[in-house]
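Novice: Quick one: this structure, given as structure tokens, is what I'll be asking you about.
Each value in this text was obtained by applying a stated rule to the coordinates, not by laboratory testing. What you are looking at is a predicted structure, and each value in this text was computed from that prediction instead of being measured. When we count neighbours, we look across all protein chains shown, and the Cβ atoms used for this are built from the backbone with ideal geometry, even at glycine.
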Amino acid sequence: MNGAQPAAAPRLRASELRRRFGTRAALDGVSFAVYPGEILGLLGPNGAGKTTAFRLLSGLIPGDGGSIELDGAPASPADRRYRARLGVVFQEPSIDLKLTGRENLTLGAALYGLPRAQAARRIDQALALMDLGARAGEPASSYSGGMRRRIEIARVLLHDPDLLLLDEPGRGVDPEALRRIWDQLGALRRERRVSIIVTTHQPEEAERCDRIVILDAGRVCAAGTPDELRARVAGDLVTVRGDAPEEIAAVIGQRLGLTARIRADEVAIETARGHEIVPRIAELFPAGRLRSIATARPTLADVFAKLTGKGLDA
């Protein structure tokens, strides 16, 4: 997804957000900003603080500290004027499966208080944007997971929000449906200059964002564009799999002078010329000792592993 050019002022700026649950700090001074027409991803594993940040921004829970600005002015998620400018798509499905797609949107428009003529026009626009017009008269129970997700997004667009919050939009959605959702989100931000904040633990999904904030244990450990973050992992990434990865890492370090990290059940080595290192590693071990050796360009999962020493599925 092509990066949006940041405007002079952010649509939303969150500064030093804090929230505790008992003795655990779910958010410990988290700061970020999203600009008009930009998609910002909050990336991290379960427990990183993504959903807490989502719930705080959407007004579901109060914060213990920090501040929020909307278009440069102080804002409170408890303020109805702030919430009126949001479109919120929760992780758990919320549409009525007994109603048709259009009926779900009609109900949503009534809850937003839209006049009937305006509601009809915006429902048609939302269905067209989400490519659901041909199926709008069918019950939502007949929809795939991706279609149900798109109806939920269509519903929160009816009141023309400035800021869209999506919590794990790829949950329960197959890859092709997820691609279509992201294509439509891209069109939404281009055509309407909507700012979008997405929480995700999937690096492939985060790759589609213009900028990413990586969260771990309630803190920001890195932020930047996907390319900027990948640049933190030098060159290629060589992964080696075999029994006793600690021993494999020790041999590689001693014989080749390379820094080898243990990541889940594999050994990871950063190197400028991976294709030259692979045969040298293979020569260190007897036949059958290693299950596989592979080289690839670094991913956001590799960035997270380097920064935190653990995987996104932790």
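Novice: Using the Cα centre of the chain as origin and beta-carbon charges of +1 (Lys, Arg) and -1 (Asp, Glu), tell me which of G47, V89, V213 is placed farthest towards the positive end of the dipole.
Specialist: Value computed over the given set: V89.
Novice: Write down the percent of antiparallel bridges among all DSSP beta bridges whose residues are both part of the chain, to the nearest 5. Intermediate results must be reported in sequence, preceding the final value.
Specialist: Details: 38 of 57 bridges.
In the chain, approximately 65 percent of DSSP beta bridges are antiparallel ones.
Novice: What's the magnitude of the charge dipole for segment 12-230 around its Cα centre, counting Lys and Arg as +1 and Asp and Glu as -1 at the beta-carbon? Answer in Debye, nearest 20.
Specialist: Dipole size: approximately 560 debye.
Novice: In degrees from 0 to 90, rounded to the nearest 10, what is the angle of the helix 145-156 Cα long axis to the longest principal axis of the chain?
Specialist: 50
Novice: Among L107, P62, S76, which residue has its Cα furthest toward the positive end of the charge dipole of segment 58-107, with +1 on Lys/Arg Cβ and -1 on Asp/Glu Cβ?
Specialist: After comparing all options, I get L107.
Novice: Using the Cα centre of segment 156-312 as the reference point, and only Cβ charges (+1 on K/R, -1 on D/E), how large is the resulting charge dipole? Debye, rounded to the nearest 20.
Specialist: On the way: 23 positive and 25 negative charges, 63 e Å.
So the dipole magnitude of segment 156-312 works out to roughly 300 debye.
Novice: Another question about this same structure. Give the peptides 165-171, 39-45 in descending order of average Cβ contacts within 10 Å, highest first.
Specialist: Per-residue mean Cβ counts within 10 Å order the peptides as 39-45, 165-171.
Novice: Can you tell me which lysines have their Cα less than 18 Å from the Cα of K50? Leave out same-chain residues fewer than eight positions away.
Specialist: K310
Novice: Quick one: compute the contact order of the chain, relative version, from alpha carbon pairs under 8 angstrom and 6+ residues apart, as a percent.
Specialist: On the way: 602 pairs, mean separation 65.6, N = 314.
Computed value for the chain: 21 percent relative contact order.
Novice: I've got another one for you. So if I place +1 on the C-beta of Lys and Arg and -1 on the C-beta of Asp and Glu, and nothing else carries charge, what would the dipole magnitude of segment 236-297 be about its Cα centre? I want it in debye, nearest 20.
Specialist: Here the size comes out at about 120 debye.
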